[in-house]
1. Obtain the nm distance between the two label points defined at A:Thr155 and A:Leu221 by a simple spin-label model: each point lies 7 Å from its Cα along the Cα-to-C-beta direction.
2. Taking the dipole about the Cα centre of the protein assembly as shown, with the C-beta of Lys and Arg at +1 and of Asp and Glu at -1, give me whichever of C:Ala49, A:Thr280, A:Tyr229 is farthest to the positive side.
3. What lysines does B:Lys17 reach when the alpha-carbon gap must be under 17 Å and sequence neighbours fewer than 8 apart in one chain are set aside?
4. I'd like to compare B:254-260, C:285-291: which one has the highest average count of other Cβ atoms within 10 Å, and what's the full order after that?
5. So, in nm, how far is label C:Asn294 from label B:Glu200 when the simple model puts each one 7 Å beyond its Cα toward the Cβ?
6. Note the full-extension length gain between B:Val267 and B:Asp248 as 0.36 nm times their separation in residues minus their Cα-Cα distance, in nm to one decimal.
7. Quick one: if the Förster radius is 56 Å, what FRET efficiency do A:Asn88 and B:Ile307 give, using the C-beta to C-beta distance and rounding to 0.05?
8. Per-residue Cβ counts within 10 Å, from other chains only, averaged over B:221-229: what number is that?
Amino acid sequence: MATTTTSAAGSTETCDVLIYGTGLVESIVAAALAWQGTNVLHIDSNPYYGGSWAALNLDELKAWTDRVNEAASNNTPFSDAYLYISRNLDPRKYAIDLSPHILFTRSDLLNLLIKSRVSRYLEFKPLGSFHTFEQDSFEKVPGTKEDIFTSQTLTLLTKRSLMRFMKFVLDWEQNTTVWQEYKDEPISKFLEERFALDAPQIVELVHSIGLLPTPKAPTELALGAIKRYLTSMQVYGNFPAMYSMYGTGGELAQGFCRSAAVAGAVYRLGTKLIGFDETTSDAELDSGEKIKVTEKIISSEGVVAGDEEITRMVAVVEKDCKEWFAEGESAAVVVFPVDTLDGNRFAVQVLVMGSGSGQCPSGQAIWYLSTQESGEQGRKYLYVALEKLEETILRESTENFEFDVNEEEISYLPNGLPVISSVRLGESLRNFTPKESLKYLLKLTYSQKVTVRPIEPTADSKVICTIAPSIDLAFEGIVDQAKGLYELVTGTTDDFFEVDFEDEDDDATATAAAADTDIRDIAEDKEDDVMGHHSDFEEVAGEMTI
Amino acid sequence: MHSVKRERTSAKVREEKRRREAVKIVEYKALVDKVLTSRKNHDYTPGALALTTTLLKQNPEYYTVWNYRREILSSIFQTQTADTIQSQIDNELQFLFARLIEFPKCYWIWNHRKWCLQSSPSPSWKFELALVTKMLDRDARNFHGWHYRRYVVQCTEKATGKSMVRHEFDYTTTKINANFSNFSAWHNRTKLIPRLLTEEPEIDARKLLGNEIYLITQAIYTDPDDQSVWLYHRWLVTSDDIVKLSSDERKDLLEKEIKSIQELLEVEPDSKWCLQSLVVYKGLVATLAGERVESSVHGYLDKLQEIDPMRKKRYEDWKTQF
Amino acid sequence: MAPEFMREKHIAYIQSLDSKQDELEYWLSEHLRMSGIYWGLTALNLMGARDALPREKTIEYVKSCQHPNGGFGAHPGHDPHLLYTLYAIQILFIQDALDAVDADIVAKYVTSLQDPETGTVRGDVTGDEVDTRFVYAAMQCLSILGKLDQFDVAKAVEYIDQCKNYDGGYGLVPGAESHAGQIFTCLAALAIANRLDLVDKDLLSWWLCERQLPSGGLNGRPEKLPDVCYSWWVLSSLAILGRLDWIDRQKLREFILDAQDDEQGGIADRKGDMVDVFHTHFGIAALSLLGFENLEPVNPVYCLPERIMGRLKM
């Protein structure tokens, strides 16, 4: 077991690696190093885990806002925070995620969570609702062959084109002849010219499936993003992504810290690093202690000068928003494509978290909005998106909703199903005036710097800086970054999380357990529920086997 | 054995395996000996039953032991009340369920389950239906599962006196919507539709046919490489089992479908199933009209020989028909 | 390039089967002994090595598996079943030793398994599992014994006809989906009964030839993996229908040859997998039917060496 040692002199401790900040990347590194026997001292100036990835209760959020607005001492990637909180909110009932992310089921981060067994500390929930804002309403995107097959709105030829593209994209890396010449060209150009896809399909693929900020994203990058979504479907069920209860980034970070502690790393929250002497390798903490660091310091605070700035908004609303969630789920993604909000150059992505996520009390929901547009412009578009969200939820959740539809505007599919022209529908809905207004319990806007530069150590320094959370709604490149840091410390990635957890994995009991669960399921299915036989994801979440 | 990878092992590893198995072999043979001796001695006690349980867990293909197990149970049942028999059978069904999870394609396990239900004072067909639904969720192509499902449905219908054809038809719809590459589900539909039309004469058969064609067309356009959907399409379009159409009506239907497939062929010029279907349908149209087949058919067959060379001779033979 | 046919290795492999007594699998598969001998013996015969297994011993072994009711079990001590009865009779037929058993009581056992109302056949006296495989087994067995007249062939044919599906294929009972194994047994039974007129030849041949996948191997039904055993069932079905050339013979041959084990001999379900005598038999039978490797001809209806068919009592 690795521990810090106290020298004979009494006041100087030693460690191999000092990690400053408990953000996600550095927490992974802490655990990886600790499991390989490195003496790790992991500190964070905040009284909570997660750093810029954390989910804060309202008291912490207020303190954070103040700190972030204090330009002089602000060493976070955040700035320009404006916070409004309604009175009478119980601060501890909220977990506001500073950098909301979702986890795709096919991702190296998920693989690492399982391999490291940190997944056992977490409670995951499914996220299968991805909507695109089109024609004044949220359209759910078709993400599987079955969605396309059963869709009542796509034409036959569109179905064919989409399927042809989907088949290609699942193996796109091998089919270089198809996309090579479009490598750096906009994905929209590629989709239109190579696959004859129409605008609505392109918008959905780019924005809700690829989660890309604009259709101008380069083809090579975009194909990877689109494939990520499609291959993530059906891994655990009819959803491509998941999130963790109580705020994903922070929970994952904390999970890795816990793992690191089990492996012997030492933790100190509320502790600042105030100086480092390169010649003596002494690090000075705000408690007055000096720590001798034999290998490296990994720091997530202070040095990161961001290249790009994004804008975020958080709104807590007094609506459960269940209309947007799939059955059994408590979250959704809504994307406003470019040019749908009076000329936005970048998409606005919204992550809707219901109370089932543990981030707010029941009857409420949190809307996390973000866009790549910065400053005033960014905020402007977020407010427009906010209005649209408000309109939509009021319309969809209101009970006394009636609108006029002419018999002539309804056409019938061969199988008898009525279809209303969506343009006409959009018009009618635009004229709808809600009887009630939406109550906002909290509103927060802020800017966030995101780096695009890779991590490099400064030439002979022992200090390596990590980088802040990225623009992506999904966790992208986290494991690579962690491995990169790990390599800068140890010189290799071969033993990264190669851990023998030395306990039983009895296959027979696992099978028997599975059989027992199935039997109980069947016994409880007293209704002849043949049609809606839906396996409860909760069964799977506890034993995350792949 | 199916799908078991061959391993190139060293002599050392093989020797290790031999040593490990030597113990298991002795144990197994001893167990078999005990079971067979028990049977010879007409031992039908619970102790004997337990022996067969151990053996069958290890080797469910040992059909003779299933026979012996049934002998034991039959003997035990003779002295028991209906309630006790029922609970004994419920235990048996649980035991079988765990076996099925491990060996979903073993005939003997399914057979024994059927025997249990037949011997049961009050079998729960509802439970059996839920069980087989679950098995088919795990593997929608397991024909043992579908076979068992038909058996359960038959027994349920006998027990309740009510037809389940509508229920089963809807089940195939669910399965197809979840994954239309399901040859087993489409096949079942071909058996259920004629029954449905017979039992519910108020159904408009033409409308149903129209719906089915709409449905299968969605599938064809979504995945033209899937054989099962084309086979189903052919049945819909050519069979008299759904609606008995007149010559002219049949011709019209065929021509409508030909047009639809030709549109697909335009965007998928190398789709062999499009081409084959067009040959079949155009051939039928020509026969119905009493005319020679269109020359385009020869073009299709030439194209087929080009894109599907493995079946060249088949297309050559086909050509001679026209 | 596919490897060549490893005749010597396969002969050695079949001969070695009974010596693997230090493997647990040997003991776990005791219920396959009778079948294993039939598969091994047929394969050896097709390879022109009919004496590679000791004739007297196999005859004695078969006799030791017979029960008083006339049926045969898989191994001494195993209960009688129609399938093993068929294998037993086939083995004796190959060894030209049918006189080693009383044909009458065997025939009595087999015919007792036919349901007089439906014409279908059960697998054994104690159960009521019916399957078109059993109709074929009964008919072939009785045909070899020269006692087919004791069986209600017409009713059996009616039953098989009810198993016909929309794709021209046949399932295990009426209503069951088409499967290459069942198609073979139904076609072979109809061939024995001389009622191939009931088959939709064109439709079924089409379904069958579509079993060939780009790898050259054949699968048993749509969207399934190719397997050497289907090489036989699909191929013999096509042969019975006279459409053997509707598949690419060379590619199928390569698929089968690729599935050989170049170290210990034998053939597996596909390349890279473990071999067994079941797939060895079907692989060799298929190669014979295809006309390759200088093998002796095989009868597609009976899956027995064509050479002995002349002895069939008509």
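1. The answer from the label model is 3.3 nm.
2. Looking along the dipole axis, the top candidate is C:Ala49.
3. The qualifying lysines are B:Lys5, C:Lys20.
4. Values: B:254-260: 15.9, C:285-291: 23.3.
Packing proxy ranking, top to bottom: C:285-291, B:254-260.
5. That separation, rounded to one decimal, is 6.6 nm.
6. Gain on stretching B:Val267 to B:Asp248: 3.9 nm.
7. 0.20
8. Partner-chain Cβ atoms within 10 Å, mean over residues of B:221-229: 6.
Throughout, read-outs are computed from the coordinates displayed, never taken from laboratory work. Bear in mind that the values here come from a model prediction, so they are computed numbers and not experimental data. Counting neighbours? That spans all protein chains shown, and the Cβs are built from the backbone with ideal geometry, glycine included.
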